[in-house]
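Notes follow once the structure below has been shown.
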Amino acid sequence: MQRTFVFVLSVSLVIAIVVSLYAQVRSTKTTTNHCPRVYMGFPGIVEPPSLVWETGSEPGGFDGEVIQAVLSNMGCPLKLDLSGRKNNPIKQRFRALEQGTADCVIYQFSVTKKRKTRVAFSRPYTVDGVSLLVGAQRPWHKLSDLPVNPKPKQILVANKGTTGHHWATEYMGSQYTIKENTEIGDVDDCLRSGHCAAFVGDYSALSSVNTRKTGLRVLEDGPYTREPWAIAVRKDDRPLLDRINQALESLESNGTLPRLRKKWNMPSPGSRVP
């Protein structure tokens, strides 16, 4: 009887220890997984002010510093999703969330009604808009200076999946031939040579090109849209969305986001563009 009691007690103690260890492991795993994995493009993408990600270094630029500040506020390290490096970095923003390789995305991600059907967006942290980059030899200074229905049709370069491509298709698609940069090759040379009429992109990025490269300039009356940038998560991940929004609100109130916007010359979400 005594041996049976001792045996039962020993088994009970073993079970209790195993259950306790399992609970600790599970708790540790949950805590670790509570920090999101981030998709924001790939090393080698240098598109200031949004992203400056030199190969062999951590992502920088405005978006890079914003997400690092958000994660720091959440008590999380930067965990990057690099699983889709062979894919188009713009289209990969959706794939990363839908395929589960990333939990949140920050990379020039404008909020639109159509995109809201696929992902959930945080509160905006800046705003941008579509503008046009042209060769400096062109006599155009405003959008209205571009020829109407030129013969033969001239080329507008706009990448699919961007708001610039949507805008170009809707407002200029009947007058110009729209091609992606992969169909053109070197877009800068195409603009300088006059073979391409204009490149359609974000005002912030094009303004940076305007100051970094010769023979190119941004039309003076842009941008032509107003597009808030936000961090995207899966539509069913409300807990993560709430934590990101809390972090953004905190960073706004403690002056971190205003400081980063000033550093990278990006406007506040409620201001006009530029």
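Values for this structure:
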| quantity | calculated |
| --- | --- |
| Size of the chain as Cα extents on the principal axes (Å, biggest first) | 103, 38, 36 |
| 0 to 90° range, to nearest 10: angle between helix 238-253 axis and the chain longest Cα axis | 60 degrees |
| Environment charge at Q137 (Cβ cut-off 11 Å; Lys +1, Arg +1, Asp -1, Glu -1) | +3 |
| Helix 61-74 axis, angle to the chain major axis (alpha carbon atoms, nearest 10°) | 20 degrees |
| Pair T214, R123: separation of 7 Å Cα→Cβ label points (nm) | 4.6 nm |
| The stretch 130-218 - percent relative contact order, Cα under 8 Å, separation 6 or more | 45 percent |
| Relative contact order of the chain, defined on C-alpha pairs under 8 angstrom at six or more residues apart (%) | 25 percent |
| Among P223, P59, P77: highest mean-square fluctuation, GNM of the chain, C-alpha pairs under 10 Å | P77 |
| Descending principal axes extents, the stretch 88-205, alpha-carbon based, whole Å | 46, 26, 24 |
| Stokes-Einstein D (µm²/s) once Rh is taken as the Kirkwood radius of the stretch 167-274 over alpha-carbon pairs, at 25 °C in 0.890 mPa s | 144 µm²/s |
| The stretch 80-129 - charge dipole about Cα centre, Lys and Arg +1 at Cβ, Asp and Glu -1, debye rounded to 20 | 260 debye |
| Free-standing Cys, the chain [no other Cys Cβ under 4.7 Å] | C104 |
| Cα→Cβ-extended label distance, 7 Å offset, between K160 and K179, nm | 1.6 nm |
| Size of charge dipole - the chain - debye, nearest 20, with Cβ of Lys, Arg +1 and Asp, Glu -1, no other charges | 540 debye |
| Gain in span if fully extended, K151 to S72, counting 0.36 nm per residue against the direct Cα distance | 23.0 nm |
| Rounded if a/c under 1.5, otherwise prolate or oblate - the stretch 221-274, Cα gyration tensor axes | oblate |
| Computed E for E252/H141 - FRET, C-beta separation, R0 35 angstrom, nearest 0.05 | 0.45 |
| Cα-centred dipole magnitude for the stretch 130-218, charges only on beta-carbon of K, R (+1) and D, E (-1), debye, nearest 20 | 240 debye |
| Diffusion constant of the stretch 39-156 at 37 °C, which comes from Stokes-Einstein with the Kirkwood Cα-pair radius and 0.692 mPa s, µm²/s | 196 µm²/s |
| Rounded tilt (10° steps) of 203-212 against the dominant C-alpha axis of the chain | 70 degrees |
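Every number in this text was worked out from the coordinates using simple rules, so none of it is lab data. Owing to the predicted nature of the structure, the values given are computational and were not obtained by experimental measurement. Note: ideal-geometry Cβ built from the backbone for every residue, glycine included; neighbour counts use all protein chains shown.
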